[in-house]
Amino acid sequence: MIRFETSIVIDRPSEDVFRFVADSRNNALWNSAVVDVTRISDERERVGSKYLMRRNLTKGPAKNIYEIIEYDPNSKFSIKTISGPTPFVYRYSFEPKDRGTKLELSAEAETRGLIEELGSASRLLPDWILARLVKRGVDANLRTLKDLLERRS
């Protein structure tokens with residue numbers, strides 16, 4: 001199991017940042033691996049809502065089903081995969097910061113899923129290196145999110 005935390009400040013109100021991140025239809029706009037996300041449960045976006053996420057990973061196409069496990073509008077949003085090759089939990093928090101929002105992400109991912117995603121050679125890497133590799137990709141995605149949202153203002 002790897003864990004890491006990261007954050008970014010986005011020059012937009014917390015409500016705007018939360019709304020955009022929590023709307024699964026936007027994931028492919030800022031997450032480089034995501035092809036699309038489709039809601040597969042009948043509920044509106046709330047705790048228990050389930051989604052099919054299709055991604056392009058290093059080893060090819062992958063599908064995960066994830067569930068919203070925490071939904072506190074404008075404050076917290078968390079998802080957990082419940083099937084697929086890359087088990088993870090992502091916990092986002094949104095905090096007003098000056099004129100914008102501090103977005104923090106706390107992440108956990110199963111090492112076995114990362115090895116599938118990154119290829120068998122990654123089996124030789126210690127967890128702390130795997131965490132840095134994943135965090136580097138997440139940080140790039142958060143910079144894309146920041147650029148996208150700040151351009152929309």
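The values are calculated or read from the model by the stated rules, or taken from the named source; none is laboratory data. Keep in mind that this is a model prediction, so the values were computed, not measured. Counting neighbours? That spans all protein chains shown, and the Cβs are built from the backbone with ideal geometry, glycine included.
Scan the range 56-76 and give yes if some residue there is surrounded by 12 or more Cβ atoms within 10 Å (Cβ to Cβ) and more than 21 Å from residue 108 (Cα to Cα), otherwise no.
Checked against the condition, which is being surrounded by 12 or more Cβ atoms within 10 Å (Cβ to Cβ) and more than 21 Å from residue 108 (Cα to Cα), the range 56-76 yields at least one hit.
Tell me whether the range 87-96 contains one or more residues that are of a type in the set (Asp, Glu) and in contact (Cβ under 8 Å) with a residue 40 or more places away in the chain.
Yes - at least one qualifying residue is present in the range 87-96.
Return the pair list, or none, for Cβ contacts closer than 6 Å from residues in the range 6-32 that are without any contact (Cβ under 8 Å) to a residue 24 or more places away in the chain and over 13 Å from residue 105 (Cα atoms) to residues that are outside any helix (DSSP H, G or I) and among the acidic types (Asp, Glu), at least 6 apart or on different chains.
From residues that are without any contact (Cβ under 8 Å) to a residue 24 or more places away in the chain and over 13 Å from residue 105 (Cα atoms), the pairs are 28/36.
Inspect all residues belonging to the range 5-16 and state whether any of them is aliphatic (A, V, I, L, M), over 20 Å from residue 70 (Cβ atoms) and in a helix (DSSP H, G or I).
Within the range 5-16, not a single residue is aliphatic (A, V, I, L, M), over 20 Å from residue 70 (Cβ atoms) and in a helix (DSSP H, G or I).
All but one of (1) within 25 Å of residue 16 (Cα to Cα); (2) at pLDDT 95 or above; (3) not in a helix (DSSP H, G or I) hold for residue 65; which doesn't?
Residue 65 satisfies all of (1) within 25 Å of residue 16 (Cα to Cα); (2) at pLDDT 95 or above; (3) not in a helix (DSSP H, G or I) except (1).
Return the pairs, sorted by first residue and then second, in which the second residue is in a helix (DSSP H, G or I) and at pLDDT 95 or above, the first residue lies in the range 131-153 and is of a type outside the set (Lys, Arg), the beta carbons are less than 7 Å apart, and the residues are 6+ apart or on different chains.
141/30; 144/30; 145/30; 148/29; 148/30; 149/16; 149/17; 149/20
Starting from the range 47-58, keep only residues that are on the phi > 0 side of the Ramachandran plot, then list their pairs with residues that are surrounded by 12 or more Cβ atoms within 10 Å (Cβ to Cβ) whose Cβ atoms are within a distance under 8 Å, requiring at least 6 positions of separation or different chains.
From the range 47-58, the pairs are 48/41; 48/67; 48/68.
If you go through the range 102-153 one residue at a time, how many are part of a helix (DSSP H, G or I) and either surrounded by 15 or more Cβ atoms within 10 Å (Cβ to Cβ) or at pLDDT 75 or above (or both)? Before you say what the answer is, go through the steps one by one.
Our first condition is that a residue be part of a helix (DSSP H, G or I); within the range 102-153, this holds for 111-118, 120-124, 127-151.
From what is left, the residues that are either surrounded by 15 or more Cβ atoms within 10 Å (Cβ to Cβ) or at pLDDT 75 or above (or both) are 111, 113-118, 122, 127-151.
The number of residues fulfilling the criteria is 33.
Could you look through the range 77-101, keep only residues that are surrounded by 16 or more Cβ atoms within 10 Å (Cβ to Cβ) and touching a Ser or Thr at 6+ places or on another chain (Cβ under 6 Å), and pick out the one that is modelled with the lowest pLDDT?
Across the range 77-101, the extreme among qualifying residues is 87.
Is it the case that the range 17-25 has a residue that's under 16 Å from residue 77 (Cα atoms), at pLDDT 95 or above and assigned to a strand (DSSP E or B)?
no
Going residue by residue through the range 47-56, is there one that turns out to be more than 29 Å from residue 151 (Cβ to Cβ) and within 15 Å of the chain's Cα centre (by Cα)?
yes
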